[in-house]
1. Taking each residue in A:74-85, count the Cβ atoms of any other chain within 10 Å of its Cβ, then average. What number comes out?
2. Rounded to the nearest 0.05, what FRET efficiency do residue B:129 and residue A:36 give with R0 = 60 Å and r taken as the Cβ-Cβ distance? Could you check?
3. Cα axis of helix A:250-269 to longest principal axis of chain A: angle in degrees, 0 to 90, nearest 10?
4. By the gyration tensor of its Cα atoms, with a ≥ b ≥ c the square roots of the eigenvalues, what is the shape of segment B:334-407: rounded for a/c under 1.5, prolate for a/b over b/c, or oblate?
5. Over the Cα atoms of the protein assembly as shown, what Rg and Dmax result, in angstrom?
6. Translational diffusion coefficient, Stokes-Einstein: compute it for chain A using the Kirkwood radius over C-alpha pairs as Rh, at 10 °C and 1.306 mPa s, and state it as an integer in µm² s⁻¹.
7. Taking beta carbons within 10 Å but only from partner chains, what does the mean come to for residues B:578-586?
8. Write down the percent of antiparallel bridges among all DSSP beta bridges whose residues are both part of chain B, to the nearest 5.
């Protein structure tokens, strides 16, 4: 059997050749994108990671190569030696379109059957088929770009953090189940019968321990795991950029991360980001945008009219306020004429998804006010409302009256939905925002107690420490999220570093000292021996890359993702295993339910 | 409650201060290494990741700081603002020994109980205690250096591979059980009742699929998992530098990797490595060193004397050869006088560990030959043996006669053991070596069939393809290991990229076509659609870092390793879990055997 490549050594990538290479002898290797015969010549487009170039097989140049070329079909793998020539009919759609290669030698490295999916960005096949043949799907130029982008972005992050004295330190994948977290993936232990490891939901405790250990600045780009029911942008395993620093306050973490973000946008997108980034306290974000992750690419800010509406003639408004609720609205300023009554009814249906019972509205047309609620309001009330929103002709005001949670949620989603309908969401515009001062707790109706909104190690704001005992629902945390175009791409906090405050926190969460020690004993123990103030952040890398590459699903930026059923159509996992294996692990399958 | 850090911002790292900083006002944060009182002053050594510096609290400078300083003890965490001054009594043991800080402000950031282990490289406590208090153990300067070294080395590897067009692509942690591998860790699936994921033993199949997908050059620094019984240098999870390239032959992979190794040694050790590295075919490595991972820091090469011994009067030699075995020896040249009869008996005991029944020897002293076997040999035979080893006065020859496997194993280990006793193993000398042309198969007595020595996707050498059917035991593979000072730090191969050869390989391994498809169907399917020639390598990062940092256990270079019992004394995993959790996963613990 002949050596596979023999003396042939690749000299260039297909996609890199340009006019400057004319007359050079080159050796290329790649896949046949297409082949066609024309005037006694065989044309083949050869594809590699860098792009596509046209090869010509001419009997007069090499009869041997020509004869072999007669056999080639799509996706054959070739090695071709030839001369680069200027192309007569320039193809402006290809970066290599000004040149072509006249082949002098051809080796067929691998034949190929007709692939079940086309190697074409626009191949519209089911996602299941794409995942089953992922190795073919990944041949698509778009998917290759996604993978290269992701690689480069991780590199940019690592370079920046390394330059700034952060050390990447690996933490265990086989660890302890997470108290107070989502559902864990478990791994039975063979040598410790009846016991289980858990896959980490995040390296949270380890990164705090690394701060206790004096590592000072840690990061890790690391796989994390959550056994939750999957949505479009969730995967059983996902990747975090996990960062922790010692001797810092909120401002230090934010400004370090802003510079990281600036670097990412510059190197990946060639976009200059102005620093400091906008910062909005949680309360203000809710008040103005009805969301803790507002999209700032457009306005339509929320305003309350409860003061005006509390005594008005419109029962829906009055009752909502009487029941402790709120009336708020947004002004779709300048776009009123684009919304017919029918359109508004559709928007109302959308608001109902988020719990709104209905949508009140006022439209300012050239013929005056249109509004189903105007008849319940006095002229003064209407004028006060219009003044509140600085409403002018062409505007449309939308109102929701309900418990404030529902008002925020409905209007928060509504402003995005309306902006989407108006095509105000420019994929090439990037608005970054810090949301800060999150509530420390949220009430868990199911467990009938307060739970940590971020996690139980998040520090309260210094001025709110006393609220832990008196009014936990009012206590704010040294916690922050980074939001990009209305999507949270990361979040973190300053941690509690003193045992006595951590104990108070556990008390507020309703844990007895024993429970606290049972759940977090090793961290509480560690805190006894000298703990620096510390804090950090974690970014969801998959989602961040998805946004920057303009994709709608994280599965587009993960090489081998799972389906919504948490399975892989390609490798067919998960799968049944031998009884013998299970026996070694001291477990049995138990399917009855 | 006051803000934790208030207006204090760290300006320098403790360990970085030098004479050039004299007169500067600095703010430092760190741990108290020790505190002592002297002449009305309080001295504290403050430690951070960069090192240690001396702080002086003087009542005349700041009474408030002095009063607080009276409370501090070892491992308290401090923030100190002060002025750098030239030190009178220079401490040459510290890089900061020429200066000291006179404190003007002190904040005690965290108090500390007396830690259960000393923060001192020479603290000789049990490893179990070190692991239980790993966050304290990691405060030791040596451990901090290990972690920083590991971080930097991973960075160097990533930089080099990125510069050379390799893309880091993440592959799944939740995957399919590995056929033909070690024991897998399994993860029960909740949404697919009765089915399991396996944690990867390596990303082998995924990296090959990425080559099928045209990714061209892939790498990943990635966690891998093997549920095997643990030895000193094994962990349930370990980290690989995993590399794969398309359109390459053995030479391409080796020369790319040599340049990577050159870069690592230059940047991490400041050592210039000469390329190309030495290459030894497996057969020659066995023949000369009795090992497929010989330590080349010293000689003592093996030589056969079977031709001389086959008809000699020494029954042990003669019988071994008659039974198809071998007689080989090594010359401990120049060191004969250092070995008494008693010493040689000890070496013999060592050889017996590896199956040798005994050890024959000849010592050339100034008074002539000493040897218990001389009396069975003719003068001519003795002279022929001495000539074979070029033996002169002061030499010691050691012989093993047995089946060749035992001879190689015993002498291979013996030469290292003797070199160790003679202190010839210089930790600061680094000898790199490629071992190539490994056997394709090895016979598995238990399974009563040939199994792949590397893995079933390893390509045979072109000239040995026909041996797959006729004499598989003689077939050599395009497989290679990289060996550093007698320890394998990485290995890889050129893979099979053609279905028909892969089928032949499976046949030689005794798989029916059905079994092959059952085990590796998705790979065989992928190979149908155009597969480039490809190959790669994987390094064991833990072991590599261990060797370069001069450690004897990989646990010294892993932040949070497991014990030999695969458990963590700190976090106490693995652990028992709720019945409810197991029920959701459709499994039950079953402890009966």
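Taken together, the values in this text are just the output of simple stated rules run on the coordinates, not laboratory data. Source: prediction; values computed, not measured. Backbone-built Cβ (ideal geometry, glycine too); neighbour counts: all protein chains shown.
1. Mean partner shielding for this stretch: 2.
2. Efficiency, rounded to the nearest 0.05: 0.25.
3. 30 degrees
4. Note, shape of segment B:334-407 comes out oblate.
5. For the protein assembly as shown, the Cα-based Rg and Dmax read 35.3, 129 Å.
6. 55 µm²/s
7. Mean partner shielding for this stretch: 4.
8. 90 percent
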